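J.: Attaching a single structure in structure tokens format; questions to follow.
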Amino acid sequence: KVTDEQAAAMVAHLRQWQEALAQWRALVEAVETTPVTGRAEMDQRFRQQATAWFLSKLVVVEDYYASGDQVVALIAKTTPPGFFNRIMGLQNIKGTGLDFVYRWQAWDQCHHACSLVQSGDEEISLRGLEMLVSFQDYGLLCETFARATLAQVQSRPHVQKERLQADLNLISSQLEQSLTQVQERLGAVRSVGWLEKGVEWIETFLDAGDAVKRRKIANQIYRDLVDERISHVRAAQELKALNKRQKGGWLYAKLFKH
């Protein structure tokens, strides 16, 4: 079933392609009818048109504080419905690029656990359920496969025990809660006005102290991990949060709950 949003996206892409096709036909006609003396002018026109076509394909992430899920949503939004989009190159840097990579790492963990759950081997399936119980890093990439997995395994005989049904309910609750939070953050694109710039200016002076605080928190996380007070999953989540804090914007988030 095609939704209204998908239909609108299809129409928008179709109009863009029709416009590009019309430009190409006009360019071909001009090339065929331009005399030899007009080659220099034709060459300039071709360069301008080729540049325009190239620039029209660039999609800029306006919010440099965008989360990984916001970048994922933007890629999905700018990909024509029904088309396959291959991500050919990524830059893993501190900030938005790093969080984007985290989204794919979380997807890899979620996909692996869900694949185990779907296994026909009861022991393997239960091991996958245990992994999902402790998994809390759901994002847009996880949504479809995780929901399909829970629906598929719900009626299997080996999960009808009360404890396992409770685990399934917990996993489902964690999934829905995480996706709700993700959807709430998707629309939270910050505008850069005088208030934001003022807060960023103040943050530059305070960041040295926050860096010391981040280092102490990181050391504590490692101690808790060694002493088995927290799990590897929890430690990874806390360290990822610290890494994201390094890119800036932490003061604005603290003041305005962004």
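The values are calculated or read from the model by the stated rules, or taken from the named source; none is laboratory data. Note that the coordinates shown come from a computational prediction; the quantities given were computed from them, not determined experimentally. Note that each Cβ is placed from the backbone with ideal geometry, even for glycine, and that neighbours are counted across all protein chains shown. Keep in mind that these areas ignore ligands, DNA and RNA; they rest on the heavy atoms of the full protein, side chains included. Shrake-Rupley method; radii C 1.70, N 1.55, O 1.52, S 1.80 Å.
J.: So is GLN160 open to solvent by 90 Å² or more (accessible area, probe 1.4 Å) and free of Cβ contacts under 8 Å to residues at least 60 places away in the same chain or not? Lay out the reasoning, then the answer.
T.: Values: open to solvent by 90 Å² or more (accessible area, probe 1.4 Å): yes; free of Cβ contacts under 8 Å to residues at least 60 places away in the same chain: yes.
Considered against the rule, which asks whether it is open to solvent by 90 Å² or more (accessible area, probe 1.4 Å) and free of Cβ contacts under 8 Å to residues at least 60 places away in the same chain, GLN160 comes out as yes.
J.: Tell me, yes or no, whether segment 99-106 has at least one residue that is part of a helix (DSSP H, G or I), open to solvent by 40 Å² or more (accessible area, probe 1.4 Å) and of a type outside the set (Phe, Trp, Tyr).
T.: yes
J.: Just to check your reading of the model, which residue among ALA66, ALA52 is at pLDDT 85 or above and either out of contact with any Cys (no Cβ under 7 Å at 6 or more places or on another chain) or among the β-branched types (Val, Ile, Thr) (or both)?
T.: Among ALA66, ALA52, only ALA52 is at pLDDT 85 or above and either out of contact with any Cys (no Cβ under 7 Å at 6 or more places or on another chain) or among the β-branched types (Val, Ile, Thr) (or both).
J.: Residue check, GLN183 against (1) of a type outside the set (A, V, I, L, M, F, W, C); (2) more than 21 Å from TYR64 (Cα to Cα); (3) modelled with pLDDT of 85 or more; (4) open to solvent by 80 Å² or more (accessible area, probe 1.4 Å), all met but one. Which one?
T.: (2)
J.: Is it true that VAL117 is open to solvent by less than 40 Å² (accessible area, probe 1.4 Å), closer than 23 Å to ALA241 by Cβ, of a type in the set (A, V, I, L, M, F, W, C) and out of contact with any Asp or Glu (no Cβ under 6 Å at 6 or more places or on another chain)?
T.: Here the answer is no, as VAL117 does not meet what is asked.
J.: Of all the helices (runs of 4 or more DSSP H) wholly in segment 192-258, which have at least 2 residues that are modelled with pLDDT under 70 and not β-branched (Val, Ile, Thr)?
T.: Values: elements: 194-226, 232-246, 250-256.
Fully inside segment 192-258 and qualifying: 194-226, 250-256.
J.: Now a separate question. Mind telling me which of the residues GLN49, GLN16 ends up being in contact with a helix residue (DSSP H, G or I) (Cβ under 9 Å, 6 or more places away or on another chain), part of a helix (DSSP H, G or I), of a type in the set (S, T, N, Q) and open to solvent by 60 Å² or more (accessible area, probe 1.4 Å)?
T.: Working: GLN49 fails: open to solvent by 60 Å² or more (accessible area, probe 1.4 Å).
Of GLN49, GLN16, the one residue that is in contact with a helix residue (DSSP H, G or I) (Cβ under 9 Å, 6 or more places away or on another chain), part of a helix (DSSP H, G or I), of a type in the set (S, T, N, Q) and open to solvent by 60 Å² or more (accessible area, probe 1.4 Å) is GLN16.
J.: On the basis of being modelled with pLDDT of 90 or more, in contact with a helix residue (DSSP H, G or I) (Cβ under 9 Å, 6 or more places away or on another chain) and open to solvent by 50 Å² or more (accessible area, probe 1.4 Å), does PHE83 make the cut?
T.: Numbers: modelled with pLDDT of 90 or more: no; in contact with a helix residue (DSSP H, G or I) (Cβ under 9 Å, 6 or more places away or on another chain): yes; open to solvent by 50 Å² or more (accessible area, probe 1.4 Å): yes.
No; evaluated as a whole, the condition is false for this residue.
J.: May I ask you to verify whether SER125 is modelled with pLDDT under 90, closer than 30 Å to ASN169 by Cβ and surrounded by 10 or more Cβ atoms within 10 Å (Cβ to Cβ)?
T.: no
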